[in-house]
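Beneath this line is the structure, given in structure tokens, with notes to follow.
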Amino acid sequence: LTGVLDDCLCDIESIDDFNTFKIFPKIQKLQERDYFRYYKVNLKRPCPFWADDGHCSIKDCHVEPCPESKIPVGIKAGSSNKYSKAANNSKELEDCEQANKLGAVNSTLSNQSKEAFIDWARYDDSQDHFCELDDERSPDAQYVDLLLNPERYTGYKGPSAWRVWNSIYEENCFKPRSVYRPLNPLAPSRGGSCLFYFPMHCFQYSLCLEKRVFYKLISGLHASINLHLCANYLLEETWGKPHWGPNVKEFTRRFDPAETKGEGPRRLKNLYFLYLIELRALSKVAPYFERAVVDLYTGNGHEDAESKALLLDIFRDTKSFHMHFDEKSMFAGDKKGAKSLKEEFRLHFKNISRIMDCVGCDKCRLWGKLQTQGLGTALKILFSEKEIQSLPENSPSKGFQLTRQEIVALVNAFGR
């Protein structure tokens with residue numbers, strides 16, 4: 001790929017250089033830190049759109065939940081009760097520290113900070129959410145160590161995988177009714193895996209900017225997922241030990257112009273566009289994290305300070321990029337029409353996040369939900385600029401909040 005991307009004044013070579021030499025090494029380190037590696041997810045939520053056709057029994061579809069004893073004390077306490085007496089009980093902390101060597105609760109946090117966290121937990125900003133969020137209090141919600149459950153090829157394919165993407169594109173894309181859909185969900189597949197097929201994409205021309213952006217984000221997310229399974233593919237299994245690595249043939253089949261009737265490069269360009277949107281969100285949300293009242297809290301004061309310093313360093317890099325996507329060009333028409341379109345945009349994307357509960361492979365569902373929530377968080381940030389700019393320095397804000405789940409999803413989705 002070379003040249004300028006559509007709908008923004010940015011060229012691919014500049015993004016490559018910026019990402020390779022500035023962002024990627026740091027975001028990779030950040031993803032390895034405790035605050036960002038543990039993600040709480042409910043993989044048992046029923047599909048709201050059709051009868052569940054069962055979870056795949058392929059062993060590589062399995063997700064290994066994290067034992068309670070391995071979760072850092074500040075994370076598993078939950079934002080609503082991490083400062084309760086029980087959470088600060090020294091005997092409990094000593095036992096936990098001895099068992100996990102994860103350190104004790106940071107007792108130097110001010111009462112103001114504690115009140116802020118409690119207030120954030122109570123705050124309900126569902127009207128700003130672009131995603132259907134899992135209920136963290138559900139007994140089916142479990143912590144998953146993302147480093148031990150990487151996104152990769154699992155063997156999940158066929159009608160179940162096709163139906164997920166078909167629903168996302170056919171029911172949620174802004175597009176003319178006349179677009180032809182040649183794929184048959186019951187046709188024999190030629191292989192594939194998690195969220196595999198590229199169905200005939202929503203028609204992206206003759207649409208207004210907002211609708212083109214929506215399509216490109218979904219296509220870019222799809223391209224990202226496909227790229228990761230091509231890059232981390234089950235190549236062979238010897239004596240019961242799987243060997244994973246890049247599968248160039250699979251990549252070619254999904255992205256080469258000759259194999260995709262010219263669509264492959266456009267799919268990859270949409271991935272770059274997705275990168276720019278999430279990069280823009282990171283640069284916009286920096287003031288939220290720059291406040292002293294916000295900690296990346298795990299209970300290990302030294303690690304928490306290092307994690308925040310690394311995150312702020314990444315924010316400085318994002319601000320140094322000179323070719324950001326300008327989200328101000330979106331929803332800029334008459335107020336009534338813009339508000340209506342923005343709400344339609346939000347509800348369409350929220351519906352997509354619900355479709356992720358229909359994925360039959362647990363590992364595919366995990367990464368689909370996480371990346372969808374990460375993109376939804378990015379959109380929430382981009383449409384909350386005024387609220388972020390008016391955040392109070394040392395007290396909780398009523399106008400804009402991010403939960404830990406949203407923060408973890410945003411960083412890991414961008415990392416993908």
Members of the stretch 289-331 found to be touching a helix residue (DSSP H, G or I) at 6+ places or on another chain (Cβ under 7 Å) and open to solvent by 70 Å² or more (accessible area, probe 1.4 Å), listed by number: GLU290, LYS319
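Does the stretch 47-62 contain any residue that is among the hydroxyl-bearing types (Ser, Thr, Tyr) and in contact (Cβ under 8 Å) with a residue 24 or more places away in the chain?
Restricting attention to the stretch 47-62, the residues satisfying the condition of being among the hydroxyl-bearing types (Ser, Thr, Tyr) are 57.
Filter once more, keeping what is in contact (Cβ under 8 Å) with a residue 24 or more places away in the chain: none.
No, there is no match, as no residue in the stretch 47-62 is among the hydroxyl-bearing types (Ser, Thr, Tyr) and in contact (Cβ under 8 Å) with a residue 24 or more places away in the chain.
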Residues being part of a loop (DSSP other than H, G, I, E, B) and either β-branched (Val, Ile, Thr) or open to solvent by less than 80 Å² (accessible area, probe 1.4 Å) (or both) - total across the stretch 1-31: 6
Test: residue in the stretch 45-62 that is modelled with pLDDT under 95, in a helix (DSSP H, G or I) and open to solvent by 70 Å² or more (accessible area, probe 1.4 Å): yes
The lone exception for LEU410 - which of (1) in contact with a Leu (Cβ under 7 Å, 6 or more places away or on another chain); (2) under 25 Å from ASP17 (Cα atoms) it fails: (1)
Filter result (out of contact with any helix residue (DSSP H, G or I) (no Cβ under 7 Å at 6 or more places or on another chain) and hydrophobic (A, V, I, L, M, F, W, C)) within the stretch 384-401: none
Selection count, the stretch 232-268, where residues are open to solvent by 60 Å² or more (accessible area, probe 1.4 Å) and assigned to a helix (DSSP H, G or I): 4
Residues of the stretch 155-165 satisfying the condition of being open to solvent by less than 40 Å² (accessible area, probe 1.4 Å) and in a loop (DSSP other than H, G, I, E, B): GLY155, TYR156, GLY158
In the stretch 134-154, residue farthest from HIS228 (Cα to Cα) [restricted to those that are part of a loop (DSSP other than H, G, I, E, B) and open to solvent by less than 40 Å² (accessible area, probe 1.4 Å)]: SER138
Failed item in (1) more than 23 Å from GLU151 (Cα to Cα); (2) of a type in the set (D, E, K, R); (3) in a helix (DSSP H, G or I), with LYS398 passing the rest: (3)
Residues located in the stretch 128-166, provided they are closer than 28 Å to PHE345 by Cβ and aromatic (Phe, Trp, Tyr): PHE130, TRP162, TRP165
Leading residue by the ranking (nearest to the chain's Cα centre (by Cα)) among those in the stretch 358-383 that are over 19 Å from VAL164 (Cα atoms) and open to solvent by 10 Å² or more (accessible area, probe 1.4 Å): LEU382
Of residues in the stretch 114-162 being modelled with pLDDT of 55 or more and of a type in the set (Gly, Ala, Ser), the one nearest to the chain's Cα centre (by Cα): ALA141
Failed condition for SER219, given (1) free of Cβ contacts under 8 Å to residues at least 40 places away in the same chain; (2) closer than 16 Å to LEU379 by Cα; (3) of a type outside the set (A, V, I, L, M, F, W, C): (1)
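The values are calculated or read from the model by the stated rules, or taken from the named source; none is laboratory data. The shown structure was predicted, so the numbers you read here are calculated from the model rather than taken from an experiment. Positions of Cβ are backbone-derived with ideal geometry, glycine not excepted, and every protein chain shown enters the neighbour counts. The area values use the complete protein model at the heavy-atom level, side chains included, leaving out ligands, DNA and RNA. Shrake-Rupley method; radii C 1.70, N 1.55, O 1.52, S 1.80 Å.
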